[in-house]
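As structure tokens, the structure follows; a few thoughts come after it.
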Amino acid sequence: MGGNQQKMSESSEYSPAPLQPTSPPPTTNTEYNPIFEKLVIEPTDGQVLGVIAYGAYKKAKWEWAQEVFKKNGRQRTDAELKAYIATWTPSQLENVRNNAAQVLSSYADTVIDAARAGIVTEALRGTFWKSVWTSVFAAAVYTVILIILAFILSKAGVDFLGIFQHTATTTPPPGG
């Protein structure tokens with residue numbers, strides 16, 4: 001992989017620009033196959049899904065060409081190829097896209113399942129002791145703040161012990 005390509009694939013912020021539909025091909029181009037545009041460029045539900053669908057189309061086209069060779073002992077003709085391309089109706093293209101969505105979903109499930117154990121382990125690693133030490137630190141800081149506050153108030157002439165002793169002697173016992 002080249003240096004520039006490697007930087008682009010390693011960057012989590014890299015996102016390819018969306019493909020834009022082009023103008024229709026010139027009518028003089030008899031070699032044009034519109035399936036790529038129909039599967040990848042025109043739909044708005046994602047290029048990755050379209051590329052996977054196009055791969056499935058190309059596999060089906062390759063299998064068809066292999067069958068033509070087996071049956072006839074020769075390569076397919078341009079007329080046969082045009083006829084084959086013409087057989088791909090919008091519903092067949094939609095089926096290929098649906099199958100691609102299932103493949104992509106299945107792959108995502110597999111990746112998530114494979115990563116789940118590591119994610120859980122990483123999330124739970126050291127959680128207990130980290131929480132204990134965080135709580136101990138927070139309690140220590142709170143105690144220091146209370147001591148500083150009591151010291152400041154005692155310097156200001158507030159007698160906490162006297163207040164507590166007075167409250168304890170004037171409070172009637174429970175139930176009495």
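Brief remarks follow.
- Kirkwood-type radius of region 31-125, with distances r between different C-alpha atoms, in Å: 15.6 Å
- Length gained when the stretch residue 85-residue 153 is fully extended (0.36 nm per residue, less Cα-Cα span): 15.5 nm
- The simple Förster model, with R0 at 30 Å and r as the Cβ-Cβ distance, assigns residue 167 and residue 144 a FRET efficiency of 0.75.
- Phi angles of region 59-70 translate, via the Karplus equation with coefficients 6.51, -1.76, 1.60 and θ = phi - 60°, into HN-Hα couplings of 5, 4, 5, 4, 4, 4, 4, 5, 5, 4, 5, 5 Hz per residue; Gly and Pro are given as x.
- Lysines whose Cα lies under 17 Å from that of residue 38, excluding same-chain neighbours fewer than 8 positions away: 58, 59, 61, 82
- Between residue 133 and residue 36, the modelled label-to-label distance comes to 5.7 nm, taking each label 7 Å out from Cα in the direction of the beta carbon.
- Here is the size of region 128-170 from its Cα atoms: Rg then Dmax, 15.5, 45 Å.
- Between region 29-82 and region 124-168, the Cα center-to-center distance that results, in Å: 75 Å
- Amide proton proximity set for residue 88, modelled H, under 5 Å, gap of 5+: none
Quick note: the coordinates plus some simple rules give every number you see, no bench work behind them. Treat the numbers as computed from the prediction; the structure is a model and nothing was measured. Because the Cβ atoms are built from the backbone with ideal geometry, glycine has one as well, and the counts that use them run over all protein chains shown.
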